[in-house]
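Step one of this worksheet: look at the structure below.
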Amino acid sequence: MRGGEKVLEELCRIFPQATIFTHVCDREALSPTLRGMKIVETSIARLPMARRLYPSYLPFMPRALEGIDLSGFELVISSEAGPAKGVIAPPDALHLCYCHSPMRYIWDQYHIYRSEANIATRTVMPFLAHGLRQWDVTSAARVDGFIANSRHVARRINKYWRREASVVHPPVDVARFTVAEAEPDDYYLWVGELASYKRPDIAIRAFAELDRRLLVVGGPDKSRRRLEALKGPATEFLGAVSQERLADLMRNCRALIYPGEEDFGIIPVEVMASGRPVIAFGRGGACETVVDRKTGLLFDDQSPEGLVDAVKTFEAEGLHALDPTTLRQHAMQFAPSVFREGILSELSAHGIHWPTDGAP
């Protein structure tokens, strides 16, 4: 249940009678809302060890998507961070694509993904990616309207697909976060998957030099072992934690450290909903959620040295004392109700006036 699944969950609240089509589904990992929906898997689910190896079946996904029978549907919404928009909708149906990101691994981060892949994947990627890019651009023409999760993603949609996109920020469950009554603790916080593009290495290297407390939340363990070799004595890896524990860490931290470039980034909004500021690299979605020196600090140099300077500036300017109520009020503009209004407005712009109670 990550960001894309949270968006899907909110879409299901708007369209409770919808059918979900997906390649592979692990029902045990889903929220009660999603488990209650009708879910249909594609042919990918019938391939060997599909639950575990489904990313390896990317070359087969376009054909699987085109094999989905959408006859009788009048509205199709694809939730796209891979090839989902490639379904073939009926001629009289409206197809809207809510795009989290064009496929990073064949477009802007292709060389990063390839450099970190094993030798077999590195060998075949140039051949597979070339054909997949052609299909990706062609399938974009099947979509009637694009909705991007940020202005940053809207620009990339225009760059790679030459299509315009409106912007509806993803829903953040700000209501489940609370502001601490006491002063914050002395630690800074990094949260997320320990993936290279999220740049946890920058945070860990910077705090080894700063000699300040840094708590690192997230996995997987194989990445953690590599990153632990970079840490200073004041950095602690907590691994995966419960949602309750994470909310407690957020409301009591000095600030969130966010050195990666994200398409949107839900975690900074969750931290601001907890009344705490964010120190973020000033590119990507963070520029749309963090207001420099009002809800945190944006820095330009994506390096350990750049983050060291940013933390020192943050402390010197007293930004750790930003008003928690102001931070929370800022986060409220990303609440699920705002997302719902945005989606219904987009439907209305395309001639579909959906009841606000979700009834057909």
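Structural remarks
Yes/no matrix, rows are residues, columns are (1) touching a residue at least 60 places away in the same chain (Cβ under 8 Å); (2) closer than 25 Å to Ala148 by Cβ:
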position: Glu10; (1), (2): yes, yes
position: Phe15; (1), (2): yes, yes
position: Asp26; (1), (2): no, no
position: Leu34; (1), (2): no, yes
position: Leu58; (1), (2): yes, yes
position: Val76; (1), (2): no, yes
position: Val87; (1), (2): yes, yes
position: His95; (1), (2): no, yes
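- Unique match (being under 22 Å from Pro102 (Cβ atoms) and in contact with a strand residue (DSSP E or B) (Cβ under 8 Å, 6 or more places away or on another chain)) among Leu11, Leu58: Leu11
- Candidates Thr313, Thr325: the one that is surrounded by fewer than 19 Cβ atoms within 10 Å (Cβ to Cβ), within 24 Å of Arg213 (Cβ to Cβ) and not basic (Lys, Arg) is Thr313.
- Scan of the stretch 125-140 for residues that are surrounded by 13 or more Cβ atoms within 10 Å (Cβ to Cβ) and either under 21 Å from Tyr197 (Cβ atoms) or touching a residue at least 40 places away in the same chain (Cβ under 8 Å) (or both), ordered by number: Met125, Leu128, Ala129, Leu132, Arg133, Trp135, Asp136, Ser139, Ala140
- Check on Tyr110, over 21 Å from the mean Cα position of the chain (by Cα), open to solvent by less than 70 Å² (accessible area, probe 1.4 Å) and within 23 Å of Tyr197 (Cα to Cα): no
- Taken over the stretch 191-214, the criterion of being open to solvent by less than 10 Å² (accessible area, probe 1.4 Å), in contact with a helix residue (DSSP H, G or I) (Cβ under 7 Å, 6 or more places away or on another chain) and modelled with pLDDT of 95 or more is satisfied by Pro200, Ile202, Ala203, Ile204, Ala206, Leu214.
- Restricting Ile88, Ile119 to those that are open to solvent by 60 Å² or more (accessible area, probe 1.4 Å) and within 19 Å of Ala64 (Cα to Cα) reduces the list to Ile88.
- Residue within the stretch 279-293 that is polar (S, T, N, Q) and touching a strand residue (DSSP E or B) at 6+ places or on another chain (Cβ under 7 Å) present: no
- Residue count for the stretch 263-274, restricted to those that are touching a residue at least 60 places away in the same chain (Cβ under 8 Å), assigned to a loop (DSSP other than H, G, I, E, B) and buried (at least 24 other Cβ atoms within 10 Å of the Cβ): 2
- Taking the stretch 239-262 as the range and being open to solvent by 10 Å² or more (accessible area, probe 1.4 Å), within 23 Å of Pro170 (Cα to Cα), in contact (Cβ under 8 Å) with a residue 40 or more places away in the chain and in a loop (DSSP other than H, G, I, E, B) as the test, the residues that pass are Glu261, Glu262.
Residues checked against (1) without any contact (Cβ under 8 Å) to a residue 60 or more places away in the chain; (2) under 20 Å from the mean Cα position of the chain (by Cα); (3) not in a loop (DSSP other than H, G, I, E, B):
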| position | (1), (2), (3) |
| --- | --- |
| Cys287 | no, yes, yes |
| Asp309 | yes, no, yes |
| Glu315 | yes, no, yes |
| Ser337 | yes, yes, yes |
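- Among the residues of the stretch 339-360, those identified as surrounded by fewer than 16 Cβ atoms within 10 Å (Cβ to Cβ) and in a helix (DSSP H, G or I) are Glu341, Ser345, Ser348, Ala349.
The values are calculated or read from the model by the stated rules, or taken from the named source; none is laboratory data. Small disclaimer: the values here were computed from a predicted structure and weren't measured. Neighbour counts run over all protein chains shown; Cβ positions are idealised from the backbone, glycine included. In case anyone asks, the SASA skips ligands and DNA or RNA and just uses the protein heavy atoms, side chains included. Shrake-Rupley method; radii C 1.70, N 1.55, O 1.52, S 1.80 Å.
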